[in-house]
Every structure is written in structure tokens, then in C-alpha cells.
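Asks: My questions will all concern the structure given below.
The values are calculated or read from the model by the stated rules, or taken from the named source; none is laboratory data. Fair warning: this is a prediction, and the values are worked out from it, not measured in the lab. Virtual Cβ from ideal backbone geometry, glycine too; neighbours counted across all protein chains shown. Just the protein is used for accessible areas: all its heavy atoms, side chains included, with ligands, DNA and RNA removed. Shrake-Rupley method; radii C 1.70, N 1.55, O 1.52, S 1.80 Å.
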Amino acid sequence: MSESLGLSAHRLEEMMGEMQQTILVNHYPPCPRPDLAIGIDTHTDVGAVSCLWQPDDVVGLQVLREGEWHPVSSARGALTIIVADQVQIASNGIFKSPLHRGVLNKDKNRVSILSFYQLNPEQLVSPLEDLISDSSPPMYQPTRFKDHEQAAKGPLSANAS
Ligand SMILES: O=C(O)CCC(=O)C(=O)O
Ligand SMILES: [Fe+2]
């Protein structure tokens, strides 16, 4: 990911500092009225990146793009990588941390397994200097991970001004 921004291979990782991995297993039981209920409501992931494994063929992850919800299916056995907020900040908005949600299914169980890469609570993340120029001013202020986690509600907003 760093190299795709024209940076050295570990630049994003260095900005994130020592990360810890949190594993989460979600179970979505069948729901007779999926139109009236939600599994996991709209959010962005707050850490660096999230790896999602959907072991069943039941699609439940949706991402919001241009005002529309799109299902995200994975090839069998494949991991889906979700860019999270800290990579959006460090890349100065080039990588986007998508709004997503988990929806329910009428007659099928669904399990999703996630590995979140979280930061040390004191870790300070700011847009990488190499990505800042007169034409690309910083979109975010340096923010400690614990403060971001606390404030995280809804979409990540540009707050450098
Ligand atoms: O179950 C899913 O596919 C998404 C879960 C999710 O977004 C989360 O736990 O943060
Ligand atoms: Fe999520």
C-alpha cells in the first residue's frame, strides 16, 4: 500500500507504530424481517486495516458508494481487506475508509471473522509529509488513536482547518 503511494515499502506501517491484532467473530442468525433489522449498523473501522473472512457463501457485508449500498462478496477462502481510518488519515485521504454495515439474511446463518489492526492508544497519526504539498494540504490534524476511537461516530471528516 505504501509503494502504491510512491513511498518506501514500510512507510505506512512506521506511522502506525506497534499494532495489535483483535479478532472478532460475528454471528448473524436468520431474521424473518431483514428489512426491519440490522446486524451491524453503518460505521467505519477505526484502526489501520481490517481483514475479513466470510467462510459461508452468504453475503452480508455492504459498502456505501455514491449514496448506494453495494454487497461485497469474497471468493471462497479469500480475505477482504477493509481500509480503516488511520490509513485514510496517513494517506491524507488518498485511501478511503469506507462506510460499511452487516445486513441480515432471511433464512441463513452467517458468520464473519475479522482481524482488526489497532494502534497503541497513545500513537499519533498524521498525514505523511511526503504526501503534503501546496496543491495537497493536510486534510487531518495529528490525532492520537485513543482520541480518534472516542470521537469516532459516522464518517471520517476532514478537520485540518
Ligand atoms: O460482518 C461483516 O461482514 C462486517 C462486520 C464489521 O464491519 C465489523 O465487525 O466491524
Ligand atoms: Fe467494520
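Asks: Taking Rh as the Kirkwood radius computed over C-alpha pairs, what is the Stokes-Einstein D of the chain at 25 °C in a medium of viscosity 0.890 mPa s, expressed in µm² per second?
Replies: Details: Rh = 16.8 Å.
This corresponds to a translational diffusion coefficient of 146 µm²/s.
Asks: Once the piece of chain linking ALA37 and TRP53 is laid out straight, how much longer is it, given 0.36 nm per residue of separation minus the C-alpha distance between them? The partial results should precede the final answer.
Replies: On the way: separation 16, 0.36 × 16 = 5.76 nm, distance 2.27 nm.
Taking ALA37 through TRP53 to full extension adds about 3.5 nm, to one decimal.
Asks: What's the percent breakdown of Cα-Cα distances in the stretch 27-78 across 5 Å bins, shortest bin first?
Replies: 4, 14, 22, 28, 22, 9, 1, 0
Asks: In whole percent, what relative contact order does the chain give with Cα contacts below 8 Å and a gap of six or more residues? Write down the numbers at each step before the final one.
Replies: On the way: 335 pairs, mean separation 50.2, N = 161.
Computed over the chain, the figure is 31 percent.
Asks: Cα atoms only, the stretch 38-122: Rg and Dmax in Å?
Replies: Just the Cα atoms of the stretch 38-122 yield Rg and Dmax of 13.4, 44 Å.
Asks: Taking all protein chains as present, what is the carbon and sulfur share of the accessible area of the chain, in % to the nearest whole number, probe 1.4 Å?
Replies: Values: 4830 of 9400 Å².
Of all accessible area on the chain, carbon and sulfur atoms account for 51 percent.
Asks: For the chain, with only Lys/Arg (+1) and Asp/Glu (-1) charged at the beta-carbon, what is the dipole magnitude about the Cα centre, in debye rounded to 20? All intermediate terms of the calculation are to be shown ahead of the outcome.
Replies: Values: 12 positive and 19 negative charges, 128 e Å.
About 620 debye.
Asks: Also: Determine, from the Cβ-Cβ distance of SER135 and GLU66 and an R0 of 25 Å, the FRET efficiency 1/(1 + (r/R0)^6), rounded to the nearest 0.05. Don't jump to the answer; show the numbers that get you there.
Replies: Working: r = 25 Å, r/R0 = 0.99.
Efficiency, from the Cβ-Cβ distance: 0.50.
Asks: How high is the FRET efficiency between LEU79 and SER8 when r is their beta carbon distance and R₀ equals 35 Å, given to the nearest 0.05?
Replies: In this case the efficiency is close to 0.90.
Asks: If you build a Gaussian network model of the chain, linking Cα atoms that sit under 10 Å apart, which residue out of GLU13, GLU68, GLU129 swings the most?
Replies: Fluctuation is largest for GLU68.
Asks: Under a 1.4 angstrom probe, counting protein chains only, how are ILE38, ILE94 ranked by accessible area, largest first?
Replies: Working: ILE38 70, ILE94 100 Å².
Largest accessible area first, the list is ILE94, ILE38.
Asks: Taking the Cα centre of the chain as the origin and placing charges on Cβ (Lys, Arg +1; Asp, Glu -1), which of ASN105, GLN123, SER4 is farthest toward the positive end of the dipole?
Replies: After comparing all options, I get ASN105.
Asks: Still on this model: For the chain, with every protein chain kept in place, what is the accessible area per residue (1.4 Å probe, Å²)?
Replies: Values: 9400 Å² over 161 residues.
Dividing the accessible area of the chain by its residue count gives 58 Å².
Asks: Something else now. Any aspartates and glutamates with Cα under 16 Å of the LYS146 Cα? List them, leaving off those in the same chain fewer than 8 positions away.
Replies: Counting by Cα, and skipping residues close in sequence, LYS146 has these aspartates and glutamates nearby: GLU18, ASP45, ASP85, GLU122.
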